[in-house]
Amino acid sequence: MIVTFADGKQLRGDLIKSATLRSDLSPIPLTLEAEIRAGDDGLDKRLAEGQVLNVGGDALRIVKSKRIAGRSSQGQRDMEAYSVTALLDACQGAAYVRQRAIIKENASLAAIYRAAGATIKGVDADFPVPRFYCPVGDTPTFHIARVLQEEGGAVRWKNGKLQFVRLGDLFKQATVLTLPDNTSEDVESG
């Protein structure tokens, strides 16, 4: 996985202890969870909360960064790391608790995302939502997930765009990969 910072410099591959790029059918469809070794100077600033990382052409904003003390050492240096969680930058505004309520009637899904703080331009296969509300003190993504469930679909991030896909259409797609049945092993024991 190639990770670059906002200034275009690439994170050294030997500093990445683990990195999981999750692409699921949740209201924020792309997240990154990584553990990065503290080795380079300036990583404190580059991996601080609010900074942007680019992974595969997608911008992800760091929402949580914590320095973890290591239990081992290499020479005179302790092996410390950063635990980083980043959300898709275009949708991350919808992940925070609201200070003001959102109430929309007959609004598109894209309009709801924008009202929740996302910076997406639009949604492929958008649909009108009869009534959407997110009270003060709630997180918009919970209510967006409810709307998606009521419509029988999910959103995904594909080719730099947010797309709405009905669940029935997901099963109609052509198969991308088929795992053979011979990958398991039966063991009998007395």
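A few remarks follow.
- For the chain, the longest principal axis of the Cα atoms and the long axis of helix 140-151 meet at an angle of about 50 degrees.
- Per-pair calculated FRET efficiency, R0 = 25 Å: GLU105 and ASP138 via Cβ, rounded to 0.05: 0.90
- Taking N as its residue count, the alpha carbon Rg of the chain over 2.2 N^0.38 Å: 1.27
- Near ASP124: Cβ cut-off under 10 Å, other residues only, Lys/Arg at +1 and Asp/Glu at -1. The net charge is +2.
- Value at 222 nm in deg cm²/dmol, rounded to 500, when DSSP H runs of n ≥ 4 in the chain each add -39,500 (n - 2.57): -4000 deg cm²/dmol
- Computed with a 1.4 Å probe over protein heavy atoms only, the accessible surface of the chain comes to 63 Å² per residue.
- Dimensions in Å of segment 122-187 - Rg and Dmax from alpha carbons: 17.4, 56
- Cross-link table LYS121/LYS158; LYS64/LYS161; LYS45/LYS158; LYS45/LYS161; LYS17/LYS66, entries beyond 19 Å C-alpha to C-alpha: LYS64/LYS161; LYS45/LYS158; LYS45/LYS161
- Relative contact order of segment 49-178, defined on C-alpha pairs under 8 angstrom at six or more residues apart (%): 18 percent
- Solvent-accessible area, 1.4 Å probe, carbon plus sulfur percent, for segment 48-186: 48 percent
The values are calculated or read from the model by the stated rules, or taken from the named source; none is laboratory data. Remember, it's a predicted structure, so these values are computed and weren't measured experimentally. All Cβ positions, glycine included, derive from the backbone under ideal geometry; neighbour counts span all protein chains shown. All accessible areas refer to the heavy atoms of the entire protein, side chains included, with ligands and DNA or RNA removed. Shrake-Rupley method; radii C 1.70, N 1.55, O 1.52, S 1.80 Å.
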